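What follows draws every value from the coordinates through simple rules; no lab data is involved. Please read all numbers here as calculations on a predicted model, not as lab measurements. Backbone-built Cβ (ideal geometry, glycine too); neighbour counts: all protein chains shown.
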Amino acid sequence: MRSILLGCLLVLSGGFAAAQDAKTLLDEVSAKVRSYENIVIDFKYSLNNEKQKVKQDTRGNVTLEGDKYHLNMLGTTRISDGVNIYSIVPEDEEVTISTIGSDENTGITPSEMLTFYEEGYTYKMDIVQNVKGRKIQYVKLMPIDSNAEIKDILLGIDSMTKHIYKLIQTDANGTEFTITVNSFKTNQPISKTLFSFDQSKYEADGYFINRLN
């Protein structure tokens with residue numbers, strides 16, 4: 001009985017240590033992200049669902065500065081000035097304007113993509129990969145909410161730079177979303193108007209302005 005109890009304690013202490021290691025690593029990533037004035041990321045985005053035989057790959061880029069961001073992906077530009085979000089779709093000649101935190105924007109926003117894990121998840125260390133000489137340590141995140149649509153997330157972190165290299169999100173329906181960072185630049189010279197939206201310009205170009213609030 002004593003040996004069984006000791007074995008259980010060792011397993012529990014090992015699990016606690018792994019969780020602490022994961023938390024330490026994630027805290028280091030958060031601190032690193034918040035130390036930068038801005039971050040410019042070029043990435044590959046993949047969507048895959050084997051059951052439904054759906055597969056999609058695209059590239060995108062995003063500039064982050066606090067709560068502000070400028071995202072280009074799938075032919076759409078999305079700008080946040082810290083108060084409003086402007087979704088610009090040239091193909092439809094339409095701009096949709098909504099406020100941050102509105103019901104239409106309940107998912108993870110680009111400004112949260114590097115820090116979203118700080119609340120609402122449990123986590124543990126996962127596999128380590130060698131990617132072109134870089135040690136990528138994965139942390140597995142599991143939603144605390146048992147009714148969450150997300151099944152789990154694997155967050156790949158460069159052990160040396162403490163930058164996020166890859167995010168693999170698996171939903172309850174088996175759909176897998178993967179973001180792979182191709183380049184991660186910090187403290188770049190950026191235009192003062194990058195996070196601004198000139199409504200008069202788009203109105204002059206014939207765009208329909210759809211204001212949700």
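Using Cα positions and a limit of under 16 Å, work out the lysines in reach of Lys23, with same-chain residues fewer than 8 apart set aside. Correct list for Lys23: Lys32, Lys124, Lys140, Lys162. In whole angstrom, the chain maps to an equivalent ellipsoid with semi-axes of 37, 19, 17, each derived as √(5λ) from the alpha carbon gyration tensor and ordered largest first.
If you plug the beta carbon distance of Glu50 and Met125 into 1/(1 + (r/R0)^6) with R0 = 25 Å, you get a FRET efficiency near 0.40. Helical content alone sets the calculated 222 nm signal of the chain at -6500 deg cm²/dmol, taking -39,500 (n - 2.57) per DSSP H segment of four or more residues and averaging over every residue.
If both residues of a DSSP beta bridge must be in the chain, then about 95% of such bridges are antiparallel.
Between 0 and 90 degrees, the angle of helix 2-34 with respect to the longest Cα principal axis of the chain falls at about 30 degrees. For the chain, the dipole from Cβ point charges (+1 on Lys and Arg, -1 on Asp and Glu) about the Cα centre works out to 1140 debye, to the nearest 20.
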